Each structure stands twice: as structure tokens, then as C-alpha cells.
Amino acid sequence: MFEYRLDSTEGAARAGAFGTPHGEIPTPAFMPVGTSGTVKGLTTEEVAALGARMVLANTYHLYLRPGHELVRELGGLHAFMRWDGPLLTDSGGYQVFSLAGIRRVHDDGVDFQSHIDGSTHAFTPESVVEIQRALGADVIMAFDECPPGGCDRATAESAGTRTLAWLERCRDRFARIDGEGKAPPQALFPVLQGNVFDDLREQHARRVMDLGDWKGFGIGGLSVGESKEDMWRILELLDGILPADRPRYLMGVGYPDDLLEAIACGCDLFDCVAPTRNARHGTAWTSEEGQVNLKAARFREDTRALDPGCDCYACARYDRAYLRHLVVATEWLGMRLLSIHNLRFLVRLGEEARRRIGEGTFESWRRDWLERYRNERSE
């Protein structure tokens, strides 16, 4: 349980599998985001049909509504949302820290106002662990302070120091609850911080490893506004530091080209709201034309599948002209179908990357895929 098996490598790219009480996740893998216990617009059966093995839910949103204690009383998050596979909950820290102007950060935690009704609340490292224990996800994330992209060194260093102090408290509360036997088997992942400063990243990662025998690692602070070049450099740095027998979860990254770049840097798990958010705005990813917006007039009489190389329900059943009509008419079916396609696109990309790593053809395939995708997107 919670063991990572490394099956094959090509350079830094890894193919493996992460075991959980609710099943094994072949990696690399994209995790659809079910913020409030649902991947927007889709049933859990539809998400499973896409090939997704693990779904992410958000602690902040579930804490505010319907409340973690109610979820516990109703059998835990798996039963509540009718998802039989592995679940991961984030700490809610990113959402709280994004509430600029209505939150206060201090050494004990964060005081904040609900974005729903303005009511006041507090998160501490201990309470965040308790909330996630009540929700019952397989993997839960430690509470961390995520500094903004472009912050100065002093800000990044201060956030890293506080994150380490909070991690110790998360670890200790997690262990006490384990000893009480009041929660299902779960794994606590720490979150690595340090912004784009190489020495802070290395110091933080090594200190985190000193604090516990973690089942995996979350890599935070790399989708908050920094340059892509900085992201790849930091991931390459961490690849040389983190143990090879534990999964690396790159938090908040999920555009197709970013996914392949990050896999090449040794990352295993990914999440992002982009697939469903883009779908709600009529945008889809394709293997032949890069990113496309179905609102464009050129699709008005286009009877081809959205992506002839895709095996999703939307591509198998409907053509571009109909999808464009749904998008322009703001019909929910259009948003659902594009969500199905975009999610399958990323899940399939992870599946193909895994196969290519096993064959030893990943790097050449990745270069060709990225060149085609980026050229098509820029046209």
C-alpha cells in the first residue's frame, strides 16, 4: 500500500505505478480536478470511462460546503461522490493564499473569509490534516505557504521556512490520528517550495526528506507565474535530489506541452483545471491543429471529428460543426463534450508517454510531438 514501483526510465522520464487502497495508478498520469467532489459537468462513470485513475478534490471548497464532518458522516468522500478509484485532496492552502485582502497569514496558520458568505475561518496545519482525514482521500497534502510568482528571495525564503514548520505539525497530527485508529489508511505528501531559487529549492527538499519517510512528494510553486524556463530548471534540479522510489506530483500543471516537458524532467502525477475550464470557453486540444477555439467561423460547416486521432466519446459521435453550434449557443452539452475530449486528450497523452518510455522512444516522440503541436498552435 502506497508503494511506488519504477518500471522503466528514459533519461529522467519515468514509467511506474503507485499503489493505493483504492487501486493502482500507472504513471505518468493526469488527475482530473473535482474541486467540490465533482469533475465539472461529468459523472464519475464518465470520468472513469476516460481512463482517469485518480481524481483530485479541494479541501477548502469541501470544508466550506458541505462541510467535512457531514462528508465523514455520509461515509467519506469516496462514497459521497460515488468514486471507487484513488482520491487526492489538496490542503486548500493555494485557495486560501489566493484570497488576497480577505486573509491573514501568521505562524500558527491562516485566518480567512469565505468567498461564499464572508464568514470568518481559520486553517492551521493540524486542522487541515483533520479535515482531510475526515474526507478520507487516499493521498492528502500537507499545509504549505505558496509565495506568489515573481516574489523576491526574502519572501520565498520566509514561505519555505514557515512551510517546513507547518510540515512538522502536519506530520505529528497525522501520526497521532493514525495511532487513534480513527481514519482510513492514507498517505501524507509534503509540498516542496522555494520558488525559482535553486539553492532554496535544494535546501527545502533536503530538509523535507530529513523530516520523514514520505510516500511521495508534491512539487508546489511552479504554476504561479514563473517562466517556463525556470520551471524546467527547477524540475531538473529536484530530479537529482528526490528519491527515485517515490512518486513526484507536480501541482497545478496540465497543459499538453507542459505535461510532456514535465514528464521529461521526472514528474509522475499532474492536475489542472485547464481541461474543463477551457472547454467551458469553447477551447479544445487536438493532435493535428494544436489548440483550437470552436467559436471560429471556419468550423461552421466542418464535418470532421474534432480530433481524428482521439478515441473519446465526443470525437467518435459528433463533428466539429455540431460542436461549434453547441458552443456558440452556450449549450451545456457542448461544454460537457469538450470537457470529455480535453480530459481524455491529457489522460491519453500520459498513457502514450508511459508506453514510449517503456519502448525507449519517448524523447524522439516528445520532440516531434511538441514541435508539431507548438507550430500548429502558433499558426
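The values are calculated or read from the model by the stated rules, or taken from the named source; none is laboratory data. Since we're looking at a predicted model, the values are computed, not measured. Here the Cβ positions follow ideal geometry from the backbone for every residue, glycine too, while neighbour counts run over all protein chains shown.
Can you pull out the strands (runs of 3 or more DSSP E) entirely within region 102-175 that have at least 3 residues that are in the same structural domain as Gly67 (by TED's automatic domain parsing) and more than 21 Å from Gly218 (Cα to Cα)?
Once the strands (runs of 3 or more DSSP E) in region 102-175 are filtered for at least 3 residues that are in the same structural domain as Gly67 (by TED's automatic domain parsing) and more than 21 Å from Gly218 (Cα to Cα), what remains is 103-106, 109-113, 120-123.
Among the candidates Leu70, Leu56, Leu62, which residue alone is crowded, with 24+ Cβ neighbours inside 10 Å, among the aliphatic types (A, V, I, L, M) and in a helix (DSSP H, G or I)?
Only one candidate qualifies: Leu62.
Out of Val139, Val96, Val129, Val110, I need the residue that is hydrophobic (A, V, I, L, M, F, W, C), touching a residue at least 12 places away in the same chain (Cβ under 8 Å), surrounded by fewer than 24 Cβ atoms within 10 Å (Cβ to Cβ) and out of contact with any Asp or Glu (no Cβ under 6 Å at 6 or more places or on another chain). Which one?
Val110
Just need a number here: residues in region 305-339 that are free of Cβ contacts under 8 Å to residues at least 12 places away in the same chain and among the small types (Gly, Ala, Ser).
Matching residues across region 305-339 total 2.
Would you mention how many residues in region 3-25 are in contact with a Lys or Arg (Cβ under 7 Å, 6 or more places away or on another chain) and either crowded, with 18+ Cβ neighbours inside 10 Å or of a type in the set (Val, Ile, Thr) (or both)?
Summing the residues that are in contact with a Lys or Arg (Cβ under 7 Å, 6 or more places away or on another chain) and either crowded, with 18+ Cβ neighbours inside 10 Å or of a type in the set (Val, Ile, Thr) (or both) in region 3-25 gives 5.
Are there helices (runs of 4 or more DSSP H) fully within region 253-329 with at least 1 residues that are outside the structural domain of Phe345 (by TED's automatic domain parsing), modelled with pLDDT under 95 and under 15 Å from the mean Cα position of the chain (by Cα)? List them. Explain how you work it out, then say what you get.
Values: elements: 256-264, 274-280, 313-317, 320-328.
Per the criteria, no element qualifies.
Could you check region 32-53 and list, in sequence order, the residues that are crowded, with 21+ Cβ neighbours inside 10 Å and free of Cβ contacts under 8 Å to residues at least 40 places away in the same chain?
The answer is Arg53, and nothing else.
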